[in-house]
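Let me begin by presenting the structure, written as C-alpha cells, before commenting on it.
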Amino acid sequence: MPEAVLQRAAAEMLDWQGSGMSVMEMSHRGKEFGAICAQAEADFRALLAVPEHFHILFMQGGGLGENAIVPMNLSRGSKVDFVITGSWSAKSQKEALRYCKSHIAASNADSQHTQMPAPSTWQLSDDASYVHLCSNETIHGVEFQELPDLAALGSKAPLVIDFSSHVASRPVDWTRVGLAFGGAQKNLGPAGLTLVIVRDDLLGHALEICPSAFNYRIVADNKSMYNTPPTWGIYIAGLTFQWLRQQAEGALTGVAAMEQRNVAKARLLYDFIDASPFYENRVAPDCRSRMNIPFFLKDESRNEAFLAGAREAGLLQLKGHKSVGGMRASIYNAMPLEGVQALVGYMREFERSHA
Ligand SMILES: Cc1ncc(COP(=O)(O)O)c(C=O)c1O
C-alpha cells in the first residue's frame, strides 16, 4: 500500500470529512458512501481509460471466486478455451469444469511455466464462449507483455483476463478484452474487494444456478449495491486510485508513470540476477513479470541464511511460493525504486560474503 494512502485513511478513520462517521460506520446506501463509491469508479475509469461500454463492478469473492463466477455468467454452459501459463490459470481451468466444458488451447506446463506459448501456436476453438488467460502469473512470474488479438488469431470469442496481480501497473488494451477481474489486495487495496470490468454485451447470459449476488447483470443494474459491497475496501481502493492518478514520471502521469517506474524497478533486479553467478531467474526474458520476480540461489542450502539476513535488513516476504521454492520478490506498484535498490544491495552483499 502507498504510505500516503494509509496516512490519509488513518487521518480520516474516526471522522470521514466531517461526517461524524468512520467509513466503516456508514450505510452503503447513504449519500456519503454513495459519493465515495461513485468517485472510486470514476477514478478507476480515468486511471485505466476504461471505455464507457464497460461496467466497473465492485464485488466480493476474490480471484478464486471469479473462477466460478465468470463461467457462470459467460460460458452459457458450453466450451471455454484456456491458455495455461502458470498455477493461477490452471486453477481457473479446473474450477470452470464445474460449470462448462473446457479446452486447453495452449499450455507452458512442459517448460515448468517458464515460457510463453506463442499466440500463433494456440489451438483456439471455433465455438468457445470465451478465452481465459491470467495476464500475470503471480507464483511463476510470467506476464503477458501484450494481450493477444483474438480476432487476428481467428477466434470470435471475447478474452477474459485475470489481472489480479498486475492491475494498474500498466495500461490495458480494452479493444482486446471482454472481461477483466482481479482481487484488490495486490495493487489496489485491502483483501475483500474484487474488481470486475465487463463489456456491456457480455451481461445477461448467466446460468440459472448463478447466485443473484454474483450475476453481473444484476450487480451492474444495481451499481454494485445489490448487496452490501465491501465498503472499506472500495474506500481504500478509491484513495489508491487517486494516489495513482497523481503519480508522475517526467511528462508521464498515472498508469503510464507507474509503468515506467515498474519497468525500471524490474530491470534493476533482473539485470542484477542475470549478471550474477550466484542467483538465477528461470523465466524466459520475453515474458518475465514486472511485479513478481521469482529467483533462486544456485546453492539452495543457503536459502535459510539468505532469508534470515534479509529479515534482519528489513526485507520481508521474500520466500518463494511453496510450489516453486526459492525466493520471490513481489514489487507491486507501491514498492518504491529504493525498496528494490535495498534488495539488490542486500543480495550483492550476501553474495560477496557467501560466494
Ligand atoms: C493471479 C491471481 N489470481 C487469483 C488469485 C486468487 O485470489 P484470491 O485469493 O483473492 O481468491 C491470486 C492470489 O494471489 C492471484 O495472484
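Please treat every number below as a calculation from the coordinates, not as lab data. Small disclaimer: the values here were computed from a predicted structure and weren't measured. Cβ: placed from backbone, ideal geometry, glycine included. Neighbour counts: every protein chain shown.
Numbers at a glance
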quantity: Residue match in the stretch 110-122 (condition: on the phi > 0 side of the Ramachandran plot, within 16 Å of the ligand (Cβ to nearest atom) and hydrophobic (A, V, I, L, M, F, W, C)); calculated: no
quantity: Qualifying residue in the stretch 89-105 (condition: crowded, with 20+ Cβ neighbours inside 10 Å, in contact (Cβ under 8 Å) with a residue 60 or more places away in the chain, closer than 30 Å to residue 296 by Cβ and not aliphatic (A, V, I, L, M)); calculated: yes
quantity: Condition broken by residue 143, with the remaining ones in (1) within 11 Å of the ligand (Cβ to nearest atom); (2) without any contact (Cβ under 8 Å) to a residue 24 or more places away in the chain satisfied; calculated: (2)
quantity: Top-ranked residue in the stretch 168-184 [being over 13 Å from residue 144 (Cβ atoms) and buried (at least 20 other Cβ atoms within 10 Å of the Cβ); ranked as farthest from the ligand (Cβ to nearest atom)]; calculated: 178
quantity: Residue 219, sole failed condition from (1) over 29 Å from residue 330 (Cβ atoms); (2) surrounded by fewer than 24 Cβ atoms within 10 Å (Cβ to Cβ); calculated: (2)
quantity: Residues of the stretch 4-48 that turn out to be charged (D, E, K, R), in contact (Cβ under 8 Å) with a residue 40 or more places away in the chain and surrounded by fewer than 14 Cβ atoms within 10 Å (Cβ to Cβ), as a count; calculated: 1
quantity: Hits in the stretch 189-237 - residues which are within 16 Å of the ligand (Cβ to nearest atom), more than 19 Å from residue 67 (Cβ to Cβ) and part of a loop (DSSP other than H, G, I, E, B); calculated: 189, 190, 229
quantity: Qualifying positions in the stretch 71-91 - within 16 Å of the ligand (Cβ to nearest atom) and either among the basic types (Lys, Arg) or in contact with a strand residue (DSSP E or B) (Cβ under 6 Å, 6 or more places away or on another chain) (or both); calculated: 82, 83, 84, 85, 86, 88, 89, 90, 91
